[in-house]
C-alpha cells in the first residue's frame, strides 16, 4: 500500500517565513535592549557638605633700613708747576717730506744684466713611464746580466712566480662564493721600491689579498729612461677562481 503525503500537513513548507519572523523578532528585542536607559534615583546620590576654614595670613610689615652714606673722599690738591723755557735754548729739527713720484725730467738708470749673472737651477721632474715603453726595464732579483729582451721576459716570469708563491685564497671569499679577476697597478720608484699599489676587482676581500701579494715584492734595480732612473708603472692581473 502506497503512503500518500498530504500537502496541507507538510512541515517544511513555511519554514522560510517562520525563520524571517524569528529573525525580525530577535533584531527588535536586541534593539530595545540597546536603547534601554536607566537613571539614578535620589537614594543613590550622596550629598556631602564642604566645610571651608578661613585661613588668616599675617601681614609682614615693611621696614626701611637706614644705611649711613659712604665717607666723603679726601680733597685732591693740584699743584701747578710751570717752567718757562727760552726759544733759543731748543733746537727744533724739521722733518722734510720728499715726494716719491717720478716725473718726466727724472732719468732712469739703465742696468744691463750679463748672461753670466743669470743662474739656472735644474729641477728634476719625476717622470713615470709605462713598463711597455721603458728603455731599460726594472731588474728583478735573479735577472741580472741579461740583455733588454731577456731581462723583460725574466721580469714577467719572476712576477708570475711571486704571485703563485704568495697566493692564498681568502677563506671569507670561499665561504661567500666570491671569485673573479683583480687588476693590480703599482709603481717601481727610482730606488727600486714598490709604491702606490692600487687594485680593482669584484670584491674588497679579493682586492686586499691582491695588494698583500704585491706588497711582498722584493727591492729591484730601478728602470731607466735615457740613462736616468725613473718611476715605472706596471699592471698585473690576479685571478681568483675555485672549482666547485
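Where a number appears in this text, it was derived from the coordinates with a stated rule and is not lab data. Everything quoted here is computed from the prediction, not taken from an experiment. Every residue, glycine among them, receives a Cβ derived from its backbone with ideal geometry; neighbour counts consider all protein chains shown.
Of the residues making up the stretch 128-184, those that are more than 36 Å from the chain's Cα centre (by Cα) and at positive phi are 142, 145. How about the stretch 189-214: which of its residues are farther than 16 Å from residue 169 by Cα and surrounded by fewer than 16 Cβ atoms within 10 Å (Cβ to Cβ)? Within the stretch 189-214, 191, 193, 195, 196, 198, 200 qualify.
For the stretch 128-165: of the residues being in contact with a helix residue (DSSP H, G or I) (Cβ under 7 Å, 6 or more places away or on another chain) and more than 21 Å from residue 243 (Cβ to Cβ), which is surrounded by the most Cβ atoms within 10 Å (Cβ to Cβ)? Looking at the filtered set, the residue picked out is 137.
Of all residues in the stretch 211-244, those being in contact with a helix residue (DSSP H, G or I) (Cβ under 9 Å, 6 or more places away or on another chain) and outside any strand (DSSP E or B) number 8.
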